[in-house]
Structures are given as C-alpha cells and as structure tokens.
Amino acid sequence: MPKITSVEGRILFNSRGSKTIEVDIVSDNRFLGRVCSPSGASVGKYEAVSFPNENPEDSLKILKQNSQKFIGLESSDLKAIHDTLRSLDNSNNYSIIGGSLAFAVTIASMESASKALEQPLFKTLSTDSEFKFPIPIGNILGGGAHAGPGTPDIQEILICATGAKTIEDAIETNLAVHKELRKVLQKQDPSFTNGRGDEGGWAPKLENLKALEVSAKACENLGFTLGKEVALGVDFASSTQWNEGKGKYLYDRAGFENSTGEQIDFAADIIDKFKLIYAEDAVHEEAFEDMAELAAKFPNTLVTGDDLTVTSKDILTKAIKVKACNAAILKVNQAGSLYDALEFANVANQNNVKLITSHRSGESTDSQISHIGIATGSKMLKVGVVGGERIAKLNELLRLSGHDFICGMAEI
Ligand code: PEP
Ligand code: MG
C-alpha cells in the first residue's frame, strides 16, 4: 500500500481572486496528489470555517509545523489521515486548523493513493463495482450573493438536461441553453453587458420572476419542453434574504418582504409555474418545518438542503427526522475533511436523501469533486456551465466517459 513520503502546502488564489491553500501529498516519493481549496460567498451558519482567523497563512503554518505527522501513513487510509487532522483540531467546525486545510489534505492524499494504485479517484473512494454519472446541473443566471445590484435576489437559476442519455449530451445541452439565454437577454435589453456572476451564470438587471421567465424562454427557443428534455432549478439561498430581527425575508432588490408563510407560497408558486426539478434552500437555514412543508408538497422536485444541512451528518439526521428535504448538497469543505463528507453521504444514501455534489462560488481549476460525485452515487453534480474553473469539472466527466466501471446516467 502506498505511503506518504512528503507533505507541502502553499498559498494560491481562487476564482474570486481570494487567497486559499493548496496542498501537495506525495506517496512513495513519486505519486502526487494536489488539491486547492474552494470557498463560498453564501456560507451556512454551521459549516466548517475556511481558515483560523480567516487567514490562509495560519492554516499553512499549522500544516508546516505538523507535516511530519502524516509521513509514513498509508495515503489510501482516509480514516488515518482524518484522525491525524482531528488530533490537531477536535473542534466541531475546524476552527483551529481551518476546514480548507482538512479538505485539501484528505482529498490530496486520496488522489495520491489513486495514482499509486493506478485507478481513478472515484474507485479509491468507493467499494462499489458499478457507477453512474451524476447529471450536471449548472448556473445560467446569477443573483444574490453571487452578483451585483439590479440582479435577482435569488442566487441561482440552474439548467439540468434531465432527458440526456449521455454525459456528452447533458453537458452540450446545458451549454446550448446558457448560450441561448445570452441571446434572449441581449434581445430584451440591447444594453446588456454580457456580465456574469461568480459561477458563470449571466447577471442581468432583472427581478426574480422575469429572470425565471427569460430562462424558460431560452429553453423553449431551443425546442425544449420544461420538465422533459431539460428542467430548471433554483437555489433560493434564502438565508441571504432572511432577517432574524424582523422575522422576514427581505427582497431588497425587487422591493418586497415575505413573512415565513409568504416565503413558502413564493417558493411553491415558482416550483409550480416553472416545473422546477430542483429547489435549494427555499427557506432559511434553520426553518426545518417550513422546508418539510415544501418537501411534502413537491415529492417530484428535489427539495434540497444546502445551508440547511451543511454536509453535516448530525444536521442531516435532524432534517431526516422531520422530513425537511428529499435531497441534500454535498460540499466537502462545508464538512471539512473528505472523511466527514463521506459519512454524510452514507447517511443520505441510507435514508433515500438524494445527493447533489457541489462546487463553491470561489473555486479552483481542480476536478476531484467530479470523482466525489460519482463515488457517492450523487444524482446531480452542481458545478456550473461555463468558466475555466467550472468547465474543468465537466471536462473531467468527459474524460471518464467510456470508463469500464461507469454505466450510464444517474436516475433522479
Ligand atoms: C451555493 O450556495 O450553493 C453555492 C455554491 O454558493 P457558495 O459557494 O457561495 O455557498
Ligand atoms: Mg446553495
């Protein structure tokens, strides 16, 4: 079994131009695993903190001081790597070493082991013998914390090629809708700048419902029927609007407020009208009962927790008890280590909660999460449609197409 022979780290930049940490782990003096941590803009209250004191340099210092503790460990032994990180930080949110460090060390180690074992990363992460491609779902129109004033309050309108039979077809269809949407936006506003949000979705001056209408129009222009060849999704990222003091959701850009009941109706109307396949964080991160109302009402929509479940197996267990969601986002850096995230995936899979493995808005050009999506049996992979750091993940799926172990697309 491959053994770790060196551990190094450095400070780099993510796609938003913010500092982050990259870690190199080498096994048997030659097999390099290299991982650069992503970070979010709309961050869940209970997710792992990225860096101690918000400072990547502090995480790097800790790595340098402790790198010897990893030398000699089997790089494929995720639990041993995780336990070593936990010997440095037993807090519940990685506030001592930073979740980004736990992310990079655990994934780099598994990547290094995969190279030594001459198998793809997804195979090292799972004992299954057969795998499916998660269906890509990507941002075509951005707002909220991912785009500037004038854009929708809701954070993301997403496209998913639900009718695609192959991964190539799914990616091409999403790209076609993204391109067509630009034409629709240019037509309805000749001064549209082609500006894009953090995840590559267009960022037009439009209020929420208008943004959904133009997205639907782009699909229809291509001859698609919503709910058939393609479907729309929305990440409401409602914690961004939630104002605890007022007990209301404040839609500052559109100029209205929703009580908790009005928010449920607002989301339900959108799910209905646009036949959404996917509705993420339609209420704020602690509104489990309100989410449960939507999950009960829309069994055929992936009523998904992101900030609600923060890739925490304990919080997901609580969500399952009240049937708050039928799907959940898996973001490894919300959990911290890959070991934590795979435990979360087990809880989801054992309880029929559908997984969506996801990027962050501040990304690297790495593509390991494509393997993590495959290995966890995720139904969808939420990694955007365009932009170098997004395309990197989609291109990795294309590289893997035709792979012996992967047969077909996941069924939602
Ligand atoms: C999200 O909210 O789903 C997302 C990807 O954004 P961020 O990384 O900013 O949390
Ligand atoms: Mg989200």
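For region 380-394, the set of residues classified as open to solvent by less than 10 Å² (accessible area, probe 1.4 Å) and charged (D, E, K, R) consists of Lys382, Arg390, Lys393, listed by residue number. Would you point out the residue of region 24-62, among those that are in a loop (DSSP other than H, G, I, E, B) and of a type in the set (Val, Ile, Thr), that is nearest to ligand 2 (Cβ to nearest atom)? Per the stated criteria, the residue is Val43.
Filter region 84-96 down to residues that are within 21 Å of Ile11 (Cβ to Cβ) and part of a helix (DSSP H, G or I) and give me whichever is farthest from ligand 2 (Cβ to nearest atom).
Leu88
Considering only residues that are part of a loop (DSSP other than H, G, I, E, B) and of a type in the set (Val, Ile, Thr), look in region 267-299 and name the one that is farthest from Ile137 (Cα to Cα).
Val283
Of the residues making up region 204-214, those that are surrounded by fewer than 24 Cβ atoms within 10 Å (Cβ to Cβ), touching a strand residue (DSSP E or B) at 6+ places or on another chain (Cβ under 8 Å) and not β-branched (Val, Ile, Thr) are Asn208, Leu212. Residues that are within 12 Å of ligand 1 (Cβ to nearest atom) and outside any strand (DSSP E or B) within region 333-364 comprise Asn333, Gln334, His359, Arg360, Ser361, Glu363, listed in sequence order. In the set (1) away from ligand 2 (no atom under 14 Å from the Cβ); (2) open to solvent by 10 Å² or more (accessible area, probe 1.4 Å), the condition left unmet by Glu285 is number (1).
Which residue is farthest from Arg10 (Cα to Cα), if the candidates are limited to region 26-46 and must be surrounded by fewer than 23 Cβ atoms within 10 Å (Cβ to Cβ) and touching a Pro at 6+ places or on another chain (Cβ under 7 Å)? Per the stated criteria, the residue is Asp28.
Looking only at residues in region 305-332 that are polar (S, T, N, Q) and away from ligand 1 (no atom under 16 Å from the Cβ), which one is most open to solvent (accessible area, probe 1.4 Å)?
Thr317
Here is the figure for region 63-83: residues that are under 28 Å from the mean Cα position of the chain (by Cα), in a helix (DSSP H, G or I) and surrounded by fewer than 19 Cβ atoms within 10 Å (Cβ to Cβ) total 3. Taken over region 229-270, residues that are within 24 Å of the chain's Cα centre (by Cα) and open to solvent by 40 Å² or more (accessible area, probe 1.4 Å) amount to 3.
For region 1-23, the set of residues classified as open to solvent by less than 40 Å² (accessible area, probe 1.4 Å) and not in a strand (DSSP E or B) consists of Pro2, Asn14, listed by residue number. Of the strands (runs of 3 or more DSSP E) lying entirely inside region 124-181, those carrying at least 3 residues that are open to solvent by less than 10 Å² (accessible area, probe 1.4 Å) and within 20 Å of Ser358 (Cβ to Cβ) are 135-142, 156-160.
The values are calculated or read from the model by the stated rules, or taken from the named source; none is laboratory data. These figures come from a predicted structure and were not determined experimentally. In this analysis, Cβ positions are derived from the backbone assuming ideal geometry, glycine residues included, and neighbour counts consider all displayed protein chains. Side chains are part of the model used for accessible areas, which takes the heavy atoms of the whole protein and leaves out ligands, DNA and RNA. Shrake-Rupley method; radii C 1.70, N 1.55, O 1.52, S 1.80 Å.
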